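The values are calculated or read from the model by the stated rules, or taken from the named source; none is laboratory data. A quick note: this is a predicted structure, and the numbers were derived from the prediction, not measured. Note that we place each Cβ from the backbone using ideal geometry, even for glycine, and neighbour counts take in every protein chain shown. Only protein heavy atoms, including side chains, enter the accessible area calculation; ligands, DNA and RNA are left aside. Shrake-Rupley method; radii C 1.70, N 1.55, O 1.52, S 1.80 Å.
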Amino acid sequence: MGMTLAQKILKAHLVCGNMTAGEEIGIRIDQTLTQDATGTMAYLEFEAMGVPRVKTERSVAYIDHNTLQNGFENADDHRFIGSVCKKHGIYFSRPGNGICHQVHLERFGIPGKTLIGSDSHTPTGGGIGMIAIGAGGMDVAVAMGGGTYYITCPKIVKVELTGKLSPWVAAKDVILEVLRRLSVKGGVGKIIEYSGEGVKTLSVPERATITNMGAELGATTSIFPSDEVTRQFLKAQCREEDYTPLSADPDAVYDEVVEINLSDLAPLAACPHSPDNVKSIEELSGMKIDQVCIGSCTNSSLLDMLKVAYILKGKTVHPDVSLSIAPGSKQVLNMLAQDGALSEMIDAGARILESACGPCIGMGQSPNSGGISLRTFNRNFEGRSGTKDGQIYLVSPEVAAVSALTGVMTDPRSLGEMPEFKLPEIFTINDNMVVPPVPAEDMDSVEVLRGPNIKPFPVSDAMADEIDARCSLKVGDNITTDHIMPAGAKILPLRSNIPKISEYCFAVCDEKFHDRALELKKSIIVGGSNYGQGSSREHAALAPLYLGVKAVIVKSFARIHMANLINAGILPLTFVNESDYDKIDQMDELKITNLKDAVENSEELTVTDVTKGFDFKVKLDFSKRQREMLIAGGLLNYTKENA
Ligand code: MIC
Ligand code: SF4
């Protein structure tokens with residue numbers, strides 16, 4: 001039986017387990033990436049493991065999230081990461097060099113290799129045929145130390161692309177269409193593999209837009225074949241030697257098939273407050289807007305920017321609209337300058353931002369109260385923009401640019417004929433903002449620079465045999481990590497300081513949660529389905545750990561967050577009967593006994609709601625390794641015990 005492309009790469013990296021969907025497999029990791037907002041924790045954890053030099057083929061640390069240096073904290077974190085990298089064998093991409101996923105695609109990604117990154121949009125690398133997966137910082141630390149990375153062997157969904165995008169319809173519309181059909185839960189436990197005749201009509205940056213936002217499906221990752229288009233891209237990046245042709249076998253068997261005719265697609269938007277709340281621009285057209293933000297790891301490539309510049313050329317941004325543009329990397333920004341396209345953007349009135357995440361993670365550019373903001377980003381969760389009642393619509397750069405001129409949601413097809421936008425034969429290459437590490441023999445000469453913002457991270461104790469604790473919080477469905485541990489300009493500088501950042505834990509849902517949890521000393525959180533969707537931030541597990549959360553009982557979990565809870569030593573449990581969720585109230589006393597034996601040996605355990613006087617069953621949906629990890633009190637304890 002033939003294999004899919006994802007299966008081929010996974011098999012070539014298989015360390016343990018059987019390639020059967022649903023079973024745990026361990027894979028060897030060739031490359032890692034971190035960004036600064038999750039990176040400080042990842043490197044503190046790496047240091048705690050005591051491995052002198054990284055054992056991967058390539059590990060890169062990027063500074064792109066916390067570049068708003070409003071106080072010493074972020075700058076101190078950058079220095080810490082830079083010095084750890086120098087010492088331990090990691091390449092350091094300095095602030096200003098660009099967004100991790102954009103730069104990694106341009107300069108480091110290699111078809112057929114495995115990459116894990118402490119950022120949920122790491123699947124961007126699937127645009128050049130990598131198995132690229134978002135993970136918690138601790139998993140990345142272990143992989144840097146040469147450890148195996150474990151995932152549930154995913155089902156493979158084929159998205160068969162036919163036809164060709166019509167003028168002014170974009171790659172963003174392809175992924176929005178996939179989200180419309182599959183929803184934010186539709187990709188859980190799956191890899192989305194693109195194939196079909198339509199693939200070759202899409203450039204690498206377009207493919208990367210699609211795999212990037214596959215994160216919003218909850219998918220393990222997404223991948224495109226590596227073909228002639230990939231070779232051309234790598235050649236233009238002066239890396240043709242990194243090219244290998246890769247595709248699925250013609251007789252590969254898929255678990256699901258989705259068919260999309262690119263020619264049928266029209267411009268789309270994800271409406272507030274979920275990436276799968278998709279409507280056509282036609283339906284929304286004429287809606288008055290206040291702000292437009294172009295950039296982020298989804299849509300900040302040179303190709304995107306050239307289209308934007310073309311639309312803006314010789315025009316002026318509507319008087320009621322603020323337009324900001326953040327090109328994704330130094331390479332993109334530099335080439336826009338060389339081409340004159342940057343001048344066209346500036347001339348039209350765009351506010352040019354540095355090449356970083358910026359508004360996407362609430363680092364500035366929050367919209368006005370109740371403001372309608374069109375963004376080329378990937379997430380529009382409530383409050384993420386920094387304005388609680390901001391109304392965020394996720395759109396293509398084409399829709400964003402034309403609407404910035406008209407002041408209302410506008411279909412870019414109204415622009416008429418579209419010129420052909422082509423990638424350059426050769427990109428401008430200058431890796432001078434990537435600092436290489438010192439040779440291994442010189443590592444002792446490097447001092448790791450720790451500012452006062454860097455506090456030790458909490459480590460769980462070995463598992464107790466009984467939990468008798470109150471439900472400190474009850475929440476509903478689709479709780480995101482932006483609810484659990486919000487980001488933004490005020491909170492992100494505290495990413496290296498868990499005691500301090502935990503003051504904001506769940507503040508979006510309930511401002512009193514922090515104080516209540518601390519007062520209770522130990523507690524349990526109850527939630528609905530798809531709990532923990534979104535970011536890979538392990539702070540969404542470490543802050544609850546610090547606040548004494550021992551278990552989380554929900555209808556279902558998002559993949560990365562569940563792994564982060566286990567890594568932190570917090571018990572993630574799922575209801576056997578979802579209707580039991582309705583019977584529990586916040587502050588109920590919940591009791592679990594004989595816990596260790598159950599975690600070691602059982603598929604289910606009984607929880608008693610002492611307050612209401614009833615028992616309910618929860619699932620222990622863990623691999624053997626995860627059970628051992630939970631009993632040890634998390635990944636770090638487990639790794640030490642097994643060293
Ligand atoms: C995000 O888009 O939410 C982030 C910020 O990039 C996160 C990582 C983080 O929280 O630091 C992600 O997607 O993993
Ligand atoms: Fe940065 Fe936004 Fe991409 Fe996250 S989604 S990596 S915050 S640009």
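Considering every residue within the stretch 519-533, establish whether at least one is open to solvent by 10 Å² or more (accessible area, probe 1.4 Å) and closer than 16 Å to THR38 by Cβ. I'd like the intermediate steps shown before the answer.
Here is the first cut: in the stretch 519-533, the residues open to solvent by 10 Å² or more (accessible area, probe 1.4 Å) are 519-522, 529, 533.
Okay, now just the ones that are also closer than 16 Å to THR38 by Cβ, so none.
So far as the stretch 519-533 goes, no, none of its residues is open to solvent by 10 Å² or more (accessible area, probe 1.4 Å) and closer than 16 Å to THR38 by Cβ.
Restricting attention to the stretch 308-316, does a residue exist that is more than 23 Å from VAL169 (Cβ to Cβ), in contact (Cβ under 8 Å) with a residue 12 or more places away in the chain, away from ligand 1 (no atom under 16 Å from the Cβ) and of a type in the set (Val, Ile, Thr)?
Yes, the stretch 308-316 contains at least one residue that is more than 23 Å from VAL169 (Cβ to Cβ), in contact (Cβ under 8 Å) with a residue 12 or more places away in the chain, away from ligand 1 (no atom under 16 Å from the Cβ) and of a type in the set (Val, Ile, Thr).
Would you pick out the residues in the stretch 424-460 that are modelled with pLDDT under 95 and surrounded by 13 or more Cβ atoms within 10 Å (Cβ to Cβ)? Can you show your working first?
Taking the stretch 424-460 first, the residues modelled with pLDDT under 95 are 450-460.
Of everything in the stretch 424-460, those that are modelled with pLDDT under 95 and surrounded by 13 or more Cβ atoms within 10 Å (Cβ to Cβ) turn out to be ARG450, GLY451, ASN453, ILE454, LYS455, PHE457, PRO458, VAL459, SER460.
Pick from ASN601, ASN577: which is open to solvent by 30 Å² or more (accessible area, probe 1.4 Å) and farther than 21 Å from ARG559 by Cα?
Of the residues listed, the single one that is open to solvent by 30 Å² or more (accessible area, probe 1.4 Å) and farther than 21 Å from ARG559 by Cα is ASN601.
From VAL549, VAL576, VAL554, which residue is more than 16 Å from ligand 2 (Cβ to nearest atom), more than 27 Å from GLY186 (Cβ to Cβ) and under 30 Å from the mean Cα position of the chain (by Cα)?
On the way: VAL576 fails: more than 27 Å from GLY186 (Cβ to Cβ); VAL554 fails: more than 27 Å from GLY186 (Cβ to Cβ).
Answer to the selection: VAL549.
State which residue is nearest to ASN212 (Cα to Cα) when the search covers only the stretch 69-119 and only residues that are in a loop (DSSP other than H, G, I, E, B) and within 14 Å of ligand 1 (Cβ to nearest atom). Break it down stepwise before answering.
Going residue by residue through the stretch 69-119, those that are in a loop (DSSP other than H, G, I, E, B) are 69-71, 89-90, 94-97, 99, 108-113, 118-119.
Narrowing further to those that are within 14 Å of ligand 1 (Cβ to nearest atom): 99, 118-119.
Values: ILE99: 13, SER118: 14, ASP119: 11 Å.
My answer is ASP119.
Hey, can you tell me all the residues within the stretch 472-504 that are hydrophobic (A, V, I, L, M, F, W, C) and touching a Leu at 6+ places or on another chain (Cβ under 6 Å)?
Within the stretch 472-504, ALA489, ILE498, ILE501 qualify.
Only one of ILE325, ILE352 is hydrophobic (A, V, I, L, M, F, W, C), surrounded by 24 or more Cβ atoms within 10 Å (Cβ to Cβ) and farther than 30 Å from CYS505 by Cα. Can you tell me which? Walk me through how you get there before you give the answer.
Numbers: ILE352 fails: surrounded by 24 or more Cβ atoms within 10 Å (Cβ to Cβ).
Of ILE325, ILE352, the one residue that is hydrophobic (A, V, I, L, M, F, W, C), surrounded by 24 or more Cβ atoms within 10 Å (Cβ to Cβ) and farther than 30 Å from CYS505 by Cα is ILE325.
Within 19 Å of GLN237 (Cα to Cα) and aliphatic (A, V, I, L, M): which single residue out of LEU105, LEU68 fits that description?
Numbers: LEU68 fails: within 19 Å of GLN237 (Cα to Cα).
Answer to the selection: LEU105.
Restricting to the stretch 487-517, what's the tally of residues that are part of a loop (DSSP other than H, G, I, E, B) and aliphatic (A, V, I, L, M)?
Restricting attention to the stretch 487-517, the residues satisfying the condition of being part of a loop (DSSP other than H, G, I, E, B) are 487-491, 495-497, 505-512.
Filter once more, so that each one left must be aliphatic (A, V, I, L, M): 487, 489, 491, 507-508.
Qualifying residue count, the stretch 487-517: 5.
Tell me yes or no: at least one residue of the stretch 530-543 is within 14 Å of ligand 1 (Cβ to nearest atom), among the small types (Gly, Ala, Ser), assigned to a helix (DSSP H, G or I) and closer than 21 Å to ASN378 by Cα. Steps first, please.
If we filter the stretch 530-543 for residues that are within 14 Å of ligand 1 (Cβ to nearest atom), which is where we start, we get 532-543.
Pick out the ones that are also among the small types (Gly, Ala, Ser) and you get 532, 534-536, 540-541, 543.
Restricting the remaining residues to those that are assigned to a helix (DSSP H, G or I) gives 540-541, 543.
Within this subset, residues satisfying the condition of being closer than 21 Å to ASN378 by Cα are 540.
Within the stretch 530-543, one or more residues are within 14 Å of ligand 1 (Cβ to nearest atom), among the small types (Gly, Ala, Ser), assigned to a helix (DSSP H, G or I) and closer than 21 Å to ASN378 by Cα.
Read through the list (1) within 21 Å of ALA170 (Cα to Cα); (2) within 16 Å of ligand 2 (Cβ to nearest atom); (3) not hydrophobic (A, V, I, L, M, F, W, C), then give the number of the only condition that GLU354 fails.
(1)
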